[in-house]
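One structure is given here, and the rest of the page talks about it.
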Amino acid sequence: MVERRNHHRLRRRGGTARDVPLSFGRHAEPVLDLTLFRARSFSVANTAAFLYAMGFFAMLLGNILFLTSVWHYSILRAGLSVTPGPLVVAVVSGPAGRLAGRFGFRRVLMSGFVVFTSAFSGTCGACNSLRTIRRCGCRGL
């Protein structure tokens, strides 16, 4: 939250979302304490999460654009085609978190990467032509 006088100053200048980070340093109790980024672990973790999210969201957008522009799916059908991925994440995340607490994050993440890569490689190997891809239901990769 921005202090009231800063709010008026931003509005008077025609302030936009780009001005919000400027107000963080001026407030006595900012919403996001920027000194957190001095901790290396915090900075690295947030950078990694940001880069992962960029790739993940680009993949989702690419899938939707491919399904709607190349295969001429409706937006609804394209959305339903990619829905199984997020549903699997919702189902698997709880047990994976418990396993990570027991065995460590590295082992759980690496096993997840292996399962995903194996499934993706197997699907690509099985669905080697456009006709086969449509028939075997690999639409939302």
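The values are calculated or read from the model by the stated rules, or taken from the named source; none is laboratory data. Owing to the predicted nature of the structure, the values given are computational and were not obtained by experimental measurement. Ideal geometry is used to build each Cβ from the backbone, glycine not excepted, and the neighbour counts take in all protein chains shown.
Going by the conditions given, is PRO95 modelled with pLDDT of 90 or more and out of contact with any helix residue (DSSP H, G or I) (no Cβ under 6 Å at 6 or more places or on another chain)? So PRO95 fits the description; yes.
Before we move on, is THR68 polar (S, T, N, Q), modelled with pLDDT of 90 or more and part of a helix (DSSP H, G or I)? Against the criterion (polar (S, T, N, Q), modelled with pLDDT of 90 or more and part of a helix (DSSP H, G or I)), THR68 qualifies.
Taken together, the residues in the range 74-125 that are small (Gly, Ala, Ser) and touching a residue at least 12 places away in the same chain (Cβ under 8 Å) amount to 6.
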